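This report refers to the structure that appears directly beneath it.
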Amino acid sequence: QVQLVESGGGLVQPGGSLRLSCAAPVSIFSIYDIGWYRQAPGKQRELVATITSRGRTKYADSVTGRFTISRDNAKKMVYLQMNSLKPEDTAVYCCRAERGLASYWGQGTQVTVSS
């Protein structure tokens, strides 16, 4: 069973920063694209950012310029650096590894932006 593990969530004030981490198994890390998704209460899950196995990145318009996705191939980790956080960024953030029809999800980490 392939499992992704997220960490780094928490409570932060508006304007603050957090860095989320996603640990992926060695067996899939180098060949799968990895993305961060979020789901706020009462809303649909949305794509936040993705990074391909070759390092190409893509962002949702709502986070462009504030969030940065990166991957550390040596540590088999994908990070989401979130700056200038807003209350509307509050959600459960999950990472997903995808290749063709195969995909694997983590269980998520809560991010709450509130004063």
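So is Q39 of a type in the set (S, T, N, Q), closer than 14 Å to Y93 by Cβ and open to solvent by 60 Å² or more (accessible area, probe 1.4 Å) or not?
Answer is yes for this residue.
Look at the stretch 76-92 and say how many of its residues are charged (D, E, K, R), at pLDDT 95 or above and crowded, with 16+ Cβ neighbours inside 10 Å.
Number of matching residues: 1.
Could you please let me know if I28 is part of a helix (DSSP H, G or I), of a type in the set (A, V, I, L, M, F, W, C) and open to solvent by less than 30 Å² (accessible area, probe 1.4 Å)?
Yes.
Can you tell me which residue within the stretch 60-75, out of those that are of a type in the set (G, A, S), under 18 Å from C94 (Cα atoms) and in a loop (DSSP other than H, G, I, E, B), is most open to solvent (accessible area, probe 1.4 Å)?
The extreme case among them is S62.
Counting only residues that are over 22 Å from M82 (Cα atoms), open to solvent by 70 Å² or more (accessible area, probe 1.4 Å) and part of a loop (DSSP other than H, G, I, E, B), how many does the stretch 93-113 have?
Final tally of qualifying residues: 1.
When you look at E88, is it over 20 Å from V5 (Cα atoms), over 12 Å from the mean Cα position of the chain (by Cα) and not in a loop (DSSP other than H, G, I, E, B), yes or no?
yes
Looking at this structure, is Q1 outside any strand (DSSP E or B), of a type outside the set (K, R), over 14 Å from the mean Cα position of the chain (by Cα) and modelled with pLDDT of 95 or more? Before you say what the answer is, go through the steps one by one.
Numbers: outside any strand (DSSP E or B): yes; of a type outside the set (K, R): yes; over 14 Å from the mean Cα position of the chain (by Cα): yes; modelled with pLDDT of 95 or more: no.
Answer is no for this residue.
Restricted to the stretch 42-59, and to residues that are closer than 15 Å to Q81 by Cβ and hydroxyl-bearing (S, T, Y), which residue is surrounded by the fewest Cβ atoms within 10 Å (Cβ to Cβ)?
In this case the residue turns out to be T57.
The values are calculated or read from the model by the stated rules, or taken from the named source; none is laboratory data. Keep in mind the model is a prediction, meaning the values are calculated, not measured. Ideal geometry is used to build each Cβ from the backbone, glycine not excepted, and the neighbour counts take in all protein chains shown. What goes into the accessible areas is simple: the full protein's heavy atoms, side chains included, and nothing from ligands, DNA or RNA. Shrake-Rupley method; radii C 1.70, N 1.55, O 1.52, S 1.80 Å.
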